Amino acid sequence: MIGVFKRLLVGQPLATDQQQHQRLRKIIALAVFSSDAISSNAYATEAIMLVLLTAGIGALNLSIPICLAIIMLLLIVGFSYRQTIHAYPSGGGAYIVAHENLGQIPGLVAAGSLLIDYVLTVAVSVSAGVFAVTSLASTWGVASLASYRVEIALAFIVFITLINLRGLKESGAIFAVPTYLFVVSMFACIIIGVARLVLTGSLPQLPPPAEVHTQAQTVTLFLILQAFSAGCTALTGVEAISNGVPAFRKPESVNASRTLLAMVGILGAIFLGLTVLAQATNAMPSESESVVSQVVRTIVGTGPFYFVVQVATALILVLAANTSYADFPRLASILSHDRFLPHQFSIRGDRLVYSNGIIVLGLLASVLVIIFDAKEQAMLPLYAIGVFISFTLSQAGMVRHWLRERGPGWRRSVAINGLGAALTALVFCIIIATRFAHGAWAVLVAIPIIVLMFQSIHTHYRTIARQLSLEGAARPMAVRRHTALVLVSGVHRGTLTALEYASSIAPDNTTALYVEFDPEDTEKIRAKWQEWAGDIPLVVLPSPYRSLVRPMLRFVNELDERYKDDVLTVVVPEFVPSHWWEHLLHNQSGLLIKAALFFHRGIVVTSVPYHLDG
């Protein structure tokens, strides 16, 4: 039943040799790896304006210059990552680059930063998508939908998680349509708005929301830097393509670098267009309606085109989380392969995806959505920290790489990556200075904790490898003698089967053990025992406090001490019902016993099942 349900949700298993056929064409890869970056247009402009509004409506005139500065940074970072794609076609992004060129700790810092960013990407994107849905609903007079933001966001996360468990290629095909619908509709809206602005010299003006400051206040450098750092959320997801190069069709590096340039161009053009139109229409951040919704409504009205744009915006925001679902499991698998995360993250599931990473990402993002009440603006102060830490470490690592390799054109490469490292480090400092008190401190605290977790896991695996090493180990010798202890709860067919097995491995040293709760039951068991298994000694241990495990463990220790040179095997008879639900009708004492004995050295625990007919 569970298998059938899994097949319905996830699909039929894929053979390992089908992995090559799961690789992506550029047009699908753009949707898979760029939806996060492109969808940030839905809230990046609004994030800039939200900061500037604290100085009054007049400060919004700075939104376009700040947008242009961010686009320049985007171009530099984009070309820097293009270098990374060609230098590291195996993927891995900032972690691989920093680890190989700067050392283990910088690599782990980059990895921890990226993992945090991927979780935040899912939570922020889905929450922003829900806001787009509730904005559309509020224009139709259904404002009450906003009170269900958390529930809607959690439902979206479950949906995206299930789609990704079905496989990268299948999820990419599903998510491509909303991505391109958003891109086409936004470009159409921007072209219409710019054309009207050029032809008529103005656009309809929206009234300012009642809650904003109408009086101009002093605009400080700190406020400008704060708005700049808020708008840098537009760069989140730019590194995704460099992390997922192996997912592209051959030639991987060429296809990935072209996709990266296309993403940078689309992102920059929409970002600038929306910022210009927001200022031209006097759109401002509001609790009830997003800036994108206000701009589109002002330019094209509330007809079918507005509906298409809002639906496309909501879809790409929700599905932008797919970028993290492509990169989080892949990075986790690399860390797992390097023994910094549990081995389970490196195992591909039935659909050739890293299922454990996908599930963990969905759970962590759900926790954030609940904590922050599905409000993306509340999470944005945490958002860009991890991104720019990984940007800086990746570009600094690339500088070290080129200086060491000194291949053709290495000086130009050093200049590009050096400029990228310097600028992203500067932006990181700006973000810390301007957003520390707004929640950025939480990420700065979390990253060292995550790095310590990585190192603890790595130490654990190294310790295990050392203890399991064959170096200096003695060759296996034949066991001279076995001692078998059969745990019985009564005399039945399952008990007889277990006794047969125990006698086969220890014909001259098999003992049965019964823990007594009720003396009357013991007398019945003794009578049956004499009839069916009288040649095997039965030890009865009274347990006045009705404890099963403690008396059993004491006897096991005594037996093990008595026969020091033997291999002690504890045999647990278990009957197996024919239907899964019938297990619920029986206690699970066998599991309790096996769990208690699992950590005892030198003791073998064997279950002897007796299968019941339906």
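The values are calculated or read from the model by the stated rules, or taken from the named source; none is laboratory data. Just so we're clear, the structure is a prediction, and the values are computed from it rather than from any experiment. Neighbour counts run over all protein chains shown; Cβ positions are idealised from the backbone, glycine included. Ligands, DNA and RNA are stripped out before the accessible areas are found, and what is left, the full protein with its side chains, is counted by its heavy atoms. Shrake-Rupley method; radii C 1.70, N 1.55, O 1.52, S 1.80 Å.
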Hey, among the residues in region 373-399 that are polar (S, T, N, Q) and more than 28 Å from residue 130 (Cβ to Cβ), which one's surrounded by the most Cβ atoms within 10 Å (Cβ to Cβ)? 394
Exactly one of 594, 524 is over 44 Å from the mean Cα position of the chain (by Cα) and on the phi < 0 side of the Ramachandran plot, and that residue is 524
Looking at residue 510, is it among the polar types (S, T, N, Q) and within 15 Å of residue 486 (Cβ to Cβ)? yes
Would you confirm, using the coordinates I've provided, whether residue 513 is open to solvent by less than 80 Å² (accessible area, probe 1.4 Å), touching a helix residue (DSSP H, G or I) at 6+ places or on another chain (Cβ under 9 Å) and within 20 Å of residue 588 (Cβ to Cβ)? yes
May I ask you to list the residues in region 35-67 that are surrounded by fewer than 22 Cβ atoms within 10 Å (Cβ to Cβ) and within 20 Å of residue 239 (Cα to Cα)? none
Of the residues that sit in region 74-91 and are open to solvent by less than 10 Å² (accessible area, probe 1.4 Å) and in a helix (DSSP H, G or I), which one is farthest from residue 457 (Cα to Cα)? 74
Would you kindly identify the helices (runs of 4 or more DSSP H) lying entirely within region 240-349 that contain at least 3 residues that are among the aliphatic types (A, V, I, L, M) and surrounded by fewer than 23 Cβ atoms within 10 Å (Cβ to Cβ)? 252-281, 304-319
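Residue by residue, here is whether (1) at pLDDT 85 or above; (2) over 28 Å from the mean Cα position of the chain (by Cα); (3) under 21 Å from residue 115 (Cα atoms); (4) basic (Lys, Arg) holds:
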site: 356; (1), (2), (3), (4): yes, no, yes, no
site: 359; (1), (2), (3), (4): yes, no, yes, no
site: 364; (1), (2), (3), (4): yes, no, yes, no
site: 379; (1), (2), (3), (4): no, no, yes, no
site: 384; (1), (2), (3), (4): no, no, yes, no
site: 392; (1), (2), (3), (4): yes, no, yes, no
site: 403; (1), (2), (3), (4): yes, yes, no, no
site: 419; (1), (2), (3), (4): yes, yes, no, no
site: 422; (1), (2), (3), (4): yes, yes, no, no
Just give me the residues in region 590-614 being of a type outside the set (A, V, I, L, M) and assigned to a loop (DSSP other than H, G, I, E, B), in sequence order. 598, 599, 600, 601, 602, 613, 614
Hey, among 419, 393, 423, 361, which residue is touching a residue at least 24 places away in the same chain (Cβ under 8 Å) and within 27 Å of residue 159 (Cβ to Cβ)? 361
For region 213-239, which residues satisfy the criterion of being in a helix (DSSP H, G or I) and open to solvent by 40 Å² or more (accessible area, probe 1.4 Å)? 221, 222, 224, 225
Return a yes/no flag: does region 477-489 have any residue that is open to solvent by 60 Å² or more (accessible area, probe 1.4 Å), without any contact (Cβ under 8 Å) to a residue 12 or more places away in the chain and over 23 Å from residue 573 (Cβ atoms). yes
How many of the residues in region 216-266 are of a type in the set (Val, Ile, Thr) and at pLDDT below 85? 8
Filter region 528-551 down to the residues that are touching a Leu at 6+ places or on another chain (Cβ under 9 Å) and either among the acidic types (Asp, Glu) or in a loop (DSSP other than H, G, I, E, B) (or both) and list them by number. 536, 548
Might you check whether a residue that is among the hydrophobic types (A, V, I, L, M, F, W, C), over 20 Å from residue 35 (Cβ atoms) and open to solvent by 40 Å² or more (accessible area, probe 1.4 Å) occurs anywhere in region 92-106? yes
